[in-house]
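The values are calculated or read from the model by the stated rules, or taken from the named source; none is laboratory data. Remember, it's a predicted structure, so these values are computed and weren't measured experimentally. For neighbour counting, all protein chains shown are included, and Cβ atoms are generated from backbone atoms with ideal geometry for every residue, glycine included.
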Number of protein chains: 2
Amino acid sequence: MIILDYRDRRPIYEQVVERFQELMATGVLPQNSQLPSVRSLAMELSINPNTIQRAYAELERQGYIYSVKGKGSFVAENSRIQDRERKALLSEWRELTQKARSLGIERQQVQDIIDEIYDEGGDKHD
Amino acid sequence: MIILDYRDRRPIYEQVVERFQELMATGVLPQNSQLPSVRSLAMELSINPNTIQRAYAELERQGYIYSVKGKGSFVAENSRIQDRERKALLSEWRELTQKARSLGIERQQVQDIIDEIYDEGGDKHD
DNA sequence: CAACTGTATTAATACGTTTAATACAGTTAT
DNA sequence: ATAACTGTATTAAACGTATTAATACAGTTG
């Protein structure tokens, strides 16, 4: 479920945060479903529990999960999460598109990529 | 010309590298034009010359500039630079677009942003 | 020769991440 | 109640990297 990339320069806890955000945004982790415990996930990834602790604390701070002492950590209300993720991504996407234009990339070129991705592209929708 | 963002978590030398790449890719710094000297730029940004030295070394390693002892540092052949920048950006753009689709963002929505940017958008072309 | 250029090197400092080792608090099943 | 889970908090050490500092050397230019 979680894969660490040690060549990635970003800290581990941040990779964990981002990965869980993806899993929640895509619905793989449904609302109120339980995350692995701090200690078990640390064991599984062969890292220190404190690092997972930090990742979970960050996820909770951002409203992605809620934690209950003695019980565990759970996915927060999903609709909000997906909405937030989409907005963040679209904002990033807009920036990058503007940069593309400023670099003189033709409209047709980005158009082709969109067609490619949205026509045949990866996984099916319902 | 160069602005440092100390809230940015990336190292200073990397910000300098990226900023110069932009200036070269957009043609603000034409081929063979001279970059500010290591010491003068360090002075201007109120940072250590070694940091600029590192940024320039990285730019040279990546083929963006060439340096001549006693003379200065200069922008390398520009066509290659712009080509490389475009390819790098398009690759990043494709990835982000795929992520958008996987998050369930509609084709029309990204289409609208493209239209917005490429129709009215920022600066004029020739 | 003076005043610029780039380049190299060594040391010290600072900072953030991660680990380690605990401890405490709440839940659950036996 | 006790063992075995959960989350949470804290302190210290280790480690890597970025940055600064202080030089030194080499080449160019007027």
- Just a yes or no: is a residue in region B:43-61 surrounded by fewer than 15 Cβ atoms within 10 Å (Cβ to Cβ) and aromatic (Phe, Trp, Tyr)? no
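Out of the residues in region A:93-120 that are aliphatic (A, V, I, L, M) and within 14 Å of residue B:98 (Cα to Cα), state the one that is surrounded by the fewest Cβ atoms within 10 Å (Cβ to Cβ). Quick ask: steps written out before the conclusion?
The initial filter retains those residues of region A:93-120 that are aliphatic (A, V, I, L, M), namely A:96, A:100, A:103, A:105, A:110, A:113-114, A:117.
Narrowing the set further to residues that are within 14 Å of residue B:98 (Cα to Cα) leaves A:96, A:110, A:113-114, A:117.
On the way: A:96: 17, A:110: 22, A:113: 14, A:114: 19, A:117: 18.
It comes out as A:113.
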- Message: Among the residues of region A:4-21, what is the count of those that are of a type in the set (D, E, K, R), within 15 Å of residue A:59 (Cβ to Cβ) and more than 9 Å from the chain's Cα centre (by Cα)?
- Response: 1
- Close pairs from region A:16-32: first touching a residue at least 40 places away in the same chain (Cβ under 8 Å), partner among the β-branched types (Val, Ile, Thr), Cβ under 7 Å, at least 6 apart: A:24/A:75; A:24/A:81; A:25/A:81; A:29/A:75; A:30/A:75; A:31/A:75; A:32/A:75
- Item | Pairs, first over 15 Å from residue A:17 (Cα atoms) in region A:38-50, second assigned to a helix (DSSP H, G or I), C-beta under 6 Å, six or more apart | A:39/A:49
- Item | Number of positions in region B:63-74 that are more than 16 Å from DNA strand D (Cβ to nearest atom) and either within 14 Å of chain A (Cβ to nearest Cβ) or touching a strand residue (DSSP E or B) at 6+ places or on another chain (Cβ under 7 Å) (or both) | 1
- Message: If I go through region B:63-85 residue by residue, how many of them are surrounded by 13 or more Cβ atoms within 10 Å (Cβ to Cβ) and either without any contact (Cβ under 8 Å) to a residue 40 or more places away in the chain or among the small types (Gly, Ala, Ser) (or both)?
- Response: 6
- Could you tell me which of the residues B:53, B:108 is at pLDDT 95 or above, away from DNA strand D (no atom under 16 Å from the Cβ) and at negative phi? B:108
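Going through B:77, B:44, B:60 one at a time, which residue ends up being away from every other protein chain (no Cβ under 11 Å) and at pLDDT below 95?
Details: B:44 fails: at pLDDT below 95; B:60 fails: at pLDDT below 95.
Answer to the selection: B:77.
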